[in-house]
Amino acid sequence: QVQLVESGGGLVQAGGSLRLSCVASVRTMSEYNMGWFRQAPGKERKFVAVYSWSSGRTSYTDSVLGRFTVSGNNIRNTLYLQMNNLQPEDTAVYFCAAGTVYTRNDADYPYWGQGTQVTVSS
């Protein structure tokens, strides 16, 4: 059973930065791909970024390109999402997810964290 625990959310002004962390209880990180997703109030959960532990390959949704960076530390079993130049439209609950497929589709991730709230004020 994979367990994921996110942290690092909070309240920040527009233009500010936050770094989210997701600690994974996984024996072999290279077997997994991990994604970040977000869900704004009243909206569907949407893809943000994905990271391959085996290759370091990354992919992002267009709206965060150049502002967000996903990375991993396999010694600490931790996935990060560095978020810069945050905007009010980035306000959402952010979730990390783990699975064996490199994908933007949330249905392909069987393991999910509890989420962390990010609020960006204008």
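The values are calculated or read from the model by the stated rules, or taken from the named source; none is laboratory data. Everything quoted here is computed from the prediction, not taken from an experiment. Cβ sites come from the backbone with ideal geometry, for glycine too, and all protein chains shown count toward neighbours. For accessibility, only protein heavy atoms count, side chains too; no ligands or nucleic acids. Shrake-Rupley method; radii C 1.70, N 1.55, O 1.52, S 1.80 Å.
Of note:
- Evaluating ALA107 against the criteria (1) buried (at least 16 other Cβ atoms within 10 Å of the Cβ); (2) among the aliphatic types (A, V, I, L, M); (3) farther than 19 Å from SER25 by Cβ leaves one unmet condition, (1).
- From the options VAL93, VAL101, residue that is touching an Asp or Glu at 6+ places or on another chain (Cβ under 7 Å) and either β-branched (Val, Ile, Thr) or surrounded by fewer than 17 Cβ atoms within 10 Å (Cβ to Cβ) (or both): VAL101
- Residue within the stretch 20-36 that is of a type in the set (Asp, Glu), surrounded by fewer than 17 Cβ atoms within 10 Å (Cβ to Cβ), outside any loop (DSSP other than H, G, I, E, B) and touching a residue at least 60 places away in the same chain (Cβ under 8 Å) present: yes
- Failed condition for LYS43, given (1) within 14 Å of PHE95 (Cβ to Cβ); (2) surrounded by 14 or more Cβ atoms within 10 Å (Cβ to Cβ): (2)
- Taking the criterion of being open to solvent by 70 Å² or more (accessible area, probe 1.4 Å) and part of a strand (DSSP E or B), no residue of the stretch 70-89 qualifies.
- Number of positions in the stretch 90-122 that are outside any strand (DSSP E or B) and not β-branched (Val, Ile, Thr): 13
- The listed residue being open to solvent by less than 30 Å² (accessible area, probe 1.4 Å), in contact (Cβ under 8 Å) with a residue 12 or more places away in the chain, farther than 17 Å from ASP106 by Cβ and more than 11 Å from the chain's Cα centre (by Cα), out of VAL12, VAL64: VAL12
- The combined condition, being modelled with pLDDT under 95 and β-branched (Val, Ile, Thr), is not fulfilled by VAL64.
- Pair list, Cβ under 8 Å, 6 or more apart: the stretch 78-104 residue at pLDDT 95 or above, other residue open to solvent by less than 10 Å² (accessible area, probe 1.4 Å) and assigned to a helix (DSSP H, G or I): MET83/VAL64; MET83/ASP90; ASP90/VAL64
- Within the span defined as the stretch 50-60, one or more residues are surrounded by fewer than 18 Cβ atoms within 10 Å (Cβ to Cβ), free of Cβ contacts under 8 Å to residues at least 24 places away in the same chain and either of a type in the set (Asp, Glu) or part of a strand (DSSP E or B) (or both).
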